[in-house]
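Student: First, the structure itself, so that you have it in front of you.
The values are calculated or read from the model by the stated rules, or taken from the named source; none is laboratory data. This structure is a prediction, so every number in the text was calculated from the model and none was measured. In this analysis, Cβ positions are derived from the backbone assuming ideal geometry, glycine residues included, and neighbour counts consider all displayed protein chains.
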Amino acid sequence: MILFSFAGNMDVEGFKKTVPSARKIGVARLPGYNFIFNKTADDQSSKANILQSSDPNDAVWGVLIELDDKEKSNFFNPETWSIDFKLEPVTCMDMNDKIYMAEAFVAQPHAVNTHLLPYDWYHQKVLLLAKNAGLPEEYINKISIMPVKIDPDEDRRAKRLNKIKK
């Protein structure tokens with residue numbers, strides 16, 4: 001299968017710890033979608049999600065990852081936490097406009113909350129992964145100005161920020 005990754009899963013080396021067959025195909029865009037932080041997290045913040053847009057010029061940028069179908073259960077089990085997501089078929093294009101049929105994680109309606117913001121450390125992590133993946137600067141700038149909130153758990157915040165800086 002091919003996975004279109006747009007947030008934490010863009011770290012292919014990290015993803016390989018769960019899915020050993022993961023191999024980066026390259027950077028791609030998903031036309032007709034918007035990137036948003038609206039997936040409710042257990043820590044009272046929001047995480048990344050994608051939404052279909054009525055504007056065909058909108059696009060989410062991310063990384064295409066090829067993986068063995070047999071390893072899908074390593075990262076997606078609808079009986080667990082992943083009940084908050086579903087894998088949807090999507091059509092992506094790489095930097096050369098080659099078309100790929102892929103799947104992308106989309107938050108289920110019950111897991112969406114438009115009143116929560118992402119924590120600052122999570123936002124920074126997504127930005128760093130986007131830069132490391134080679135996503136377009138204009139797109140990264142668009143994400144960088146999205147509103148965030150400071151994590152009230154100072155220990156967690158310090159640990160997460162320290163992890164990002166490594």
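Student: So how many residues does region 107-119 have that are without any contact (Cβ under 8 Å) to a residue 40 or more places away in the chain and part of a helix (DSSP H, G or I)?
Tutor: Within region 107-119, residues that are without any contact (Cβ under 8 Å) to a residue 40 or more places away in the chain and part of a helix (DSSP H, G or I) number 2.
Table: residues versus (1) at pLDDT 95 or above; (2) under 12 Å from S5 (Cβ atoms); (3) not aliphatic (A, V, I, L, M).
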| residue | (1), (2), (3) |
| --- | --- |
| I50 | yes, yes, no |
| P56 | no, no, yes |
| K72 | no, no, yes |
| V90 | yes, yes, no |
| D94 | yes, no, yes |
| A104 | yes, yes, no |
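Student: Out of L87, L30, which single residue is touching an Asp or Glu at 6+ places or on another chain (Cβ under 8 Å) and surrounded by 15 or more Cβ atoms within 10 Å (Cβ to Cβ)?
Tutor: Unique residue meeting the criteria: L87.
Student: Something else: Here's a check for you: in region 3-27, which residue that is closer than 18 Å to F76 by Cα, in contact (Cβ under 8 Å) with a residue 60 or more places away in the chain and among the aliphatic types (A, V, I, L, M) is surrounded by the fewest Cβ atoms within 10 Å (Cβ to Cβ)?
Tutor: My answer is A7.
Student: Considering region 135-166 alone, what residues qualify as being part of a loop (DSSP other than H, G, I, E, B) and not hydrophobic (A, V, I, L, M, F, W, C)?
Tutor: Matches in region 135-166: P136, P147, D151, P152, D153, K166.
Student: Could you grab me the full set of residues in region 113-141 that are basic (K, R) and over 25 Å from D84 (Cβ atoms)?
Tutor: Passing the criteria: only K131.
Student: Is it fair to say I150 is surrounded by fewer than 14 Cβ atoms within 10 Å (Cβ to Cβ) and modelled with pLDDT of 95 or more?
Tutor: Judged against the criteria, I150 is a match.
Student: How many residues are closer than 17 Å to N9 by Cα and loosely packed, with under 15 Cβ neighbours inside 10 Å when one looks only at region 128-142?
Tutor: So the count comes out to 3.
Student: Please list, ordered by first then second residue, the pairs with beta carbon atoms under 9 Å, 6 or more apart or interchain, first in region 70-99 and of a type in the set (V, I, T), second at pLDDT below 80 and assigned to a strand (DSSP E or B).
Tutor: So the pair list comes out empty.
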